[in-house]
Amino acid sequence: MMGLTKMAATEKEPKTIRTICLDLRGLPNPEPVLELAEEAEKLAPGEMLEVIADDPCAQTDFLHWLAGSDFELINLRYLPDKENKYLLRRSQE
């Protein structure tokens, strides 16, 4: 006979974190960072923003924007065709 196990009151199911994907390929400077800032405002603390951009100025613009924001850069991947993929998270505070 198989028994059922109960979860302890302190155990919780893992929380799903929302991640918004933003494709900014083909946009000229300064549109990528402006779009990033606009979409970022919609996120709650702890939520993520995944951004793909191919504008050569985007990396510098994004890093300057990050310095004055409540977001942190979690990951940066260099993709083929001079595209970059950024993973950003809004601070919990």
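The values are calculated or read from the model by the stated rules, or taken from the named source; none is laboratory data. Here the structure is a predicted model, which is why all the values come from computation and not from measurement. As a convention, Cβ positions derive from the backbone with ideal geometry for all residues, glycine included, and neighbour counts pool all protein chains shown. For accessibility, only protein heavy atoms count, side chains too; no ligands or nucleic acids. Shrake-Rupley method; radii C 1.70, N 1.55, O 1.52, S 1.80 Å.
Before moving on, here are some points about what is shown:
- Backbone N atoms of the range 16-31 closer than 16 Å to the 7 Å Cα→Cβ label point of residue 79 belong to residues 20-28.
- Placing unit charges on each Cβ (+1 for Lys and Arg, -1 for Asp and Glu) gives the range 24-82 a dipole about its Cα centre, and among 30, 44, 56 the Cα reaching farthest toward its positive end belongs to 56.
- By accessible area with a 1.4 Å probe, ligands and nucleic acids excluded, highest first: order of 41, 83: 41, 83
- Förster radius 22 Å - calculated FRET efficiency between residue 19 and residue 57, Cβ distance, rounded to 0.05: 0.35
- Ranked by solvent-accessible area (1.4 Å probe, protein heavy atoms only, all chains present), the residues 39, 93 order from largest to smallest as 93, 39.
- Global form of the range 27-93, assessed from the alpha-carbon gyration tensor, a/c cut-off 1.5: prolate
- Summary of packing: across the peptides 27-33, 85-91, the per-residue average of other C-beta atoms within 10 Å ranks them, highest first, as 85-91, 27-33.
- Taking amide H positions as modeled 1.01 Å from N, with prolines and chain starts lacking one, the residues under 5 Å from residue 20 and 5 or more places away or on another chain are 48, 49, 50.
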